[in-house]
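The values are calculated or read from the model by the stated rules, or taken from the named source; none is laboratory data. Model, not experiment: these values are computed from the prediction. Cβ: placed from backbone, ideal geometry, glycine included. Neighbour counts: every protein chain shown.
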Amino acid sequence: MAYPRDDAALRRLLTETRVIALVGASAKPARASHEVMEYLLHRGYRVIPVNPGLAGQTILGQTVVARLADIGEPIDMVDIFREESALAGVVDEAIAIKAKSVWMQLGLADNSARAKAEHAGLTVVMDRCPKIEIPRLGL
């Protein structure tokens, strides 16, 4: 499915997603990635933090892995909190692990990475935040 341009597609994506790999997870509570991870955990999602500098540690009770390839279970969504220059590489990793979707957080968009992910069959969301979209959609 291509970039969800309507609420029905976003609602379906967020409803069908159960396991999220959060790339760029931070142990610092003031960081947006930490706040979003906490929100998603409280909403019942399984969230696997990904950060090579924190691998083996825990964030919000979840063990951090260094990279997507280190996750030993199927991933529904890769939620990206990295600089824009890293998006293409994270999308390549998401494709390699056969993730179902890629979500680029607020302020992040890369049309070539989006096209590559869509060509590989992944759903792509850009420049949005699930912590905003979930309550907006009434989920």
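A few remarks follow.
- Some residue of segment 19-27 being farther than 22 Å from T123 by Cβ, in a loop (DSSP other than H, G, I, E, B) and at pLDDT 95 or above: yes
- Among (1) touching a residue at least 24 places away in the same chain (Cβ under 8 Å); (2) not in a loop (DSSP other than H, G, I, E, B) - the single one P74 does not satisfy: (2)
- Given (1) loosely packed, with under 15 Cβ neighbours inside 10 Å; (2) farther than 19 Å from A9 by Cβ, number of the condition G138 does not satisfy: (2)
- Residue within segment 82-99 that is modelled with pLDDT under 95 and loosely packed, with under 13 Cβ neighbours inside 10 Å present: yes
- Checked against the criterion of being surrounded by 18 or more Cβ atoms within 10 Å (Cβ to Cβ), of a type outside the set (G, A, S) and more than 15 Å from the chain's Cα centre (by Cα), the candidates I75, I59 yield just one match: I59.
- Restricted to segment 98-136, and to residues there that are aliphatic (A, V, I, L, M) and assigned to a helix (DSSP H, G or I), the residue that is farthest from E73 (Cα to Cα) is I132.
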